[in-house]
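Please read the structure below before turning to the comments.
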Amino acid sequence: MTCIDTSGATPPEQPGQAVGTLRRDQVPARVRTGEKVRPEQARVHNRELLLRMLYREGPHSRADLARRTGLTRVSVSDVVSDLLADDLVVEVGTRAGTRPGKPAMMLEFNERAYQTVALDLSHSTLYRGAVLDLGGTVVARQQVEIEGSTGADALAKVTGLVEALHRQVTAPLLGIGIGTPGIVDLGGVVLSAPNLGWQDIHLQALLSERFACPVVVSNDANATALAERSYGESAADTLLVRVGVGVGAGLLLGGTPILGSRFAAGEIGHVVVDAGSERPCVCGKTGCLETWLSTRRIQEDLSGARTDAERARVLTVAGEALGSVLAPIVAALNISEIVLSGPHRVLEGPLATAAMDTIRRRALTEVHGDIVLRLSELGDDIVLRGATAMVMSQQLGIA
Ligand SMILES: [Zn+2]
């Protein structure tokens with residue numbers, strides 16, 4: 001399976017270009033006042049605008065698109081021709097109009113036009129991977145046991161998994177998306193991931209060279225937050241807490257992911273909950289949030305619980321640790337919603353209740369009283385779907 005052309009060699013003016021020639025990262029995020037907008041910038045902008053509308057809101061006619069966006073019918077027809085040639089949009093039959101004349105041909109976003117390879121490195125015992133279509137539906141899946149691998153061994157397993165999935169792709173490949181624990185910069189360098197034994201691993205560069213494809217690497221919690229925003233029900237201001245091999249949070253303010261000046265926003269796993277605790281952490285400190293809340297540590301603690309009451313006590317203590325770390329964040333940012341993502345059998349019940357009670361106790365309830373804490377409904381594939389959303393966001397300007 002070869003990747004689609006992302007070289008950008010085809011001028012955007014020509015119809016039928018490979019979709020990757022209109023990469024979002026080739027467009028300045030903001031055009032300064034007084035700066036002339038080049039025709040190709042306008043074209044990319046218009047293309048993303050129409051594609052986003054069809055992706056998020058379902059079928060529209062060309063006339064609908066022109067009316068909704070304020071673009072001329074000629075511009076809309078022009079861009080739609082390109083999208084049809086790229087197979088990103090398909091014609092799905094006519095709808096009778098309210099006015100006399102020819103019925104309007106409806107256009108639909110084509111979820112099956114391209115596929116992504118997505119990896120989730122956030123689990124403690126295995127790396128999960130899948131081939132997904134642009135609707136977030138899994139087409140094929142594969143996983144590999146970690147068996148304690150770290151460093152170069154872990155990297156070799158990741159590369160092997162991408163290779164295996166790459167062979168199962170059955171449509172043009174839009175790109176590869178990876179959700180990993182740790183701190184990841186905008187260039188896809190994993191600056192630090194203690195659970196994987198990685199430091200300064202140029203994961204994006206390594207994989208894009210090896211597979212000649214666009215690659216997006218992001219922190220797993222940020223990928224999860226993006227999945228909730230794209231496929232779930234999340235509010236615009238959301239704190240998403242991912243519980244897996246580590247514990248991290250993805251923060252969306254006004255729907256925009258907040259990464260922080262050093263890309264470590266939401267790295268709550270190594271906040272010390274109890275300075276007097278002797279619980280050792282992979283980071284070298286003791287008493288970090290992760291030492292109560294990572295899936296591995298919870299399983300260890302639960303294995304020593306003999307009765308239901310003891311089991312509930314373990315989960316309550318983990319929930320209290322989480323609540324004590326989240327309370328100041330909620331208070332500082334006036335967050336309205338917290339979403340927990342991870343194994344439901346662990347998070348549901350005493351853990352979630354204790355976390356919410358602790359936040360209420362520690363933050364001003366009259367100001368933050370309407371805060372909602374819920375479990376993500378997106379299931380085990382949430383990071384994989386988030387990784388797909390990352391690729392779509394970078395390559396198509398949507399999701
Ligand atoms: Zn730690």
Checked against the positive end of the charge dipole of the chain (+1 on Cβ of Lys and Arg, -1 on Cβ of Asp and Glu, about the Cα centre), the farthest of Ser77, Leu161, Ile258 is Ser77
Residues of the chain: accessible area per residue at 1.4 Å, in Å²?
45 Å²
Distance in nm between label sites at Arg95 and Asp185, each 7 Å beyond Cα in the beta-carbon direction?
4.7 nm
Potential lengthening between Asn334 and Thr150 on full extension [0.36 nm per residue; Cα-Cα distance subtracted]:
62.4 nm
Taking the Cα-to-Cβ direction at Arg52 and at Arg112 and moving 7 Å from each Cα, how far apart do the two end points lie in nm?
2.8 nm
Taking r as the C-beta separation of Thr307 and Thr125 and R0 as 25 Å, the FRET efficiency to the nearest 0.05 is 0.40
Sorted by accessible area (1.4 Å probe), largest first, how do Glu228, Glu300 line up?
Glu300, Glu228
Per the rule of 0.36 nm per residue minus the C-alpha distance, extending Arg38 to Leu375 adds in nm 116.8 nm
Relative contact order computed over the chain (Cα-Cα under 8 Å; 6+ residues apart), in percent
16 percent
Sites Ala205 and Lys102, calculated FRET efficiency, Cβ-Cβ separation with R0 56 Å, nearest 0.05
0.65
Within the chain, longest stretch clear of exposed trypsin sites (Lys or Arg not before Pro) (DSSP loop, no more than 15 other Cβ within 10 Å):
168-261
Pull out a ≥ b ≥ c, the square roots of the eigenvalues of the alpha-carbon gyration tensor of the range 274-358, then state rounded if a/c is under 1.5, prolate if not and a/b is larger than b/c, and oblate in the remaining case.
oblate
Cα gyration tensor, the range 134-194 - rounded (a/c under 1.5), prolate or oblate
oblate
With a 1.4 angstrom probe the carbon and sulfur portion of accessible area for the chain, in percent, totals 50 percent
Rounded to the nearest 0.05, what FRET efficiency do Glu278 and Thr353 have when you use their Cβ-Cβ distance and R0 = 30 Å?
0.65
So if I place +1 on the C-beta of Lys and Arg and -1 on the C-beta of Asp and Glu, and nothing else carries charge, what would the dipole magnitude of the chain be about its Cα centre? I want it in debye, nearest 20.
920 debye
Before rounding to the nearest 500, sum -39500 (n - 2.57) across all DSSP H runs of length at least 4 in the chain and divide by the residue total; then give [θ] at 222 nm in deg cm²/dmol.
-11500 deg cm²/dmol
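The values are calculated or read from the model by the stated rules, or taken from the named source; none is laboratory data. Note that the structure is a prediction, hence the values are computed from the model and not measured. Please note: Cβ atoms are built from the backbone with ideal geometry, for glycine as well, and neighbour counts cover all protein chains shown. Areas reflect the complete protein model, heavy atoms only, side chains present, ligands, DNA and RNA absent. Shrake-Rupley method; radii C 1.70, N 1.55, O 1.52, S 1.80 Å.
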